[in-house]
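The values are calculated or read from the model by the stated rules, or taken from the named source; none is laboratory data. In this text the structure is predicted, and so the values were computed from the model without any measurement. We place every Cβ from the backbone using ideal geometry, glycine too, and count neighbours over all the protein chains shown. Remember, those area values only see protein heavy atoms, side chains included, never the ligands or the DNA or RNA. Shrake-Rupley method; radii C 1.70, N 1.55, O 1.52, S 1.80 Å.
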Amino acid sequence: MAAFMHVGPRGLMSSSISSSRSASTAPLLAPKSFTTGKALAFRSTTSSTAAGAKQQQSRARCVTVAARYSKGGGSPDVQERVLAAVPYLLPLLDSFGYGRFLFYQYPIVRSFVSPLAPLLGVYSSVPFAPLLCFFAVYLGIVQNQQWSRFVRFNGMQAMLLDILLILPRLAEQVFSTPTGGWGLQAYITAQNTVWVFIAVCVVYGVISSLLGQAARIPLVADAAEQQVR
């Protein structure tokens, strides 16, 4: 208590000065992100720069892939793009049977695919047409070294998509078609799912081929990569 009472004006002044110094240096010692917005702004700028760099890298990767799959090392020409898109009609035509419930439930979907009705009629009426078209794509495109790897890769992907349709056909032969209840609902859902999956893959493959980009379709891209040398 005596020591506290002997503190004079100088002691009070020095304590006030030291407290003001500590208050002035506190923001310097604290993290910048909590005191000012400069660090946060720098981080956002850095993140936006990194995002832009990633977009440029993805675009450069797409260009590199397209150049790697083309015959002359450049972008595929119009003939190669159209020829790469044509084989995707094979799995689309073979999958129309799985979309019959979807076409009945949603007439707008049926209106979108109705332009393919004449081609589907010819494809279904000609004997052995699916088998002939399958070997035509395999021998005329996939195994034809005169075409670029871009064309042969897309042809192989279309063939593998068509081969995947064997699985639901085998399931239909093993299991009897349900006639009602939850079994019929599951059957209709499975049929619709098969057609939607094939249709989405075909649309993706056709658009990518027409744009000159190598489409990598799930479940078949790696296998097509190994088959096309």
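Assess whether T177 counts as being under 27 Å from the mean Cα position of the chain (by Cα), among the hydroxyl-bearing types (S, T, Y) and either under 14 Å from Y98 (Cα atoms) or buried (at least 16 other Cβ atoms within 10 Å of the Cβ) (or both).
Criteria not met by T177.
Among the residues of the range 138-153, is any over 29 Å from R81 (Cβ atoms) and out of contact with any Gly (no Cβ under 7 Å at 6 or more places or on another chain)?
No: the range 138-153 contains no residue that is over 29 Å from R81 (Cβ atoms) and out of contact with any Gly (no Cβ under 7 Å at 6 or more places or on another chain).
Among the candidates S209, S124, single out the residue that is over 20 Å from D94 (Cα atoms) and part of a helix (DSSP H, G or I).
Matching residue, one of S209, S124: S209.
Give the range 142-161 a look and list any residue that's open to solvent by 20 Å² or more (accessible area, probe 1.4 Å) and at pLDDT 95 or above, or say none.
Result: L160, single match.
Out of (1) within 30 Å of D77 (Cα to Cα); (2) surrounded by fewer than 17 Cβ atoms within 10 Å (Cβ to Cβ), the odd one out for T193 is which?
(1)
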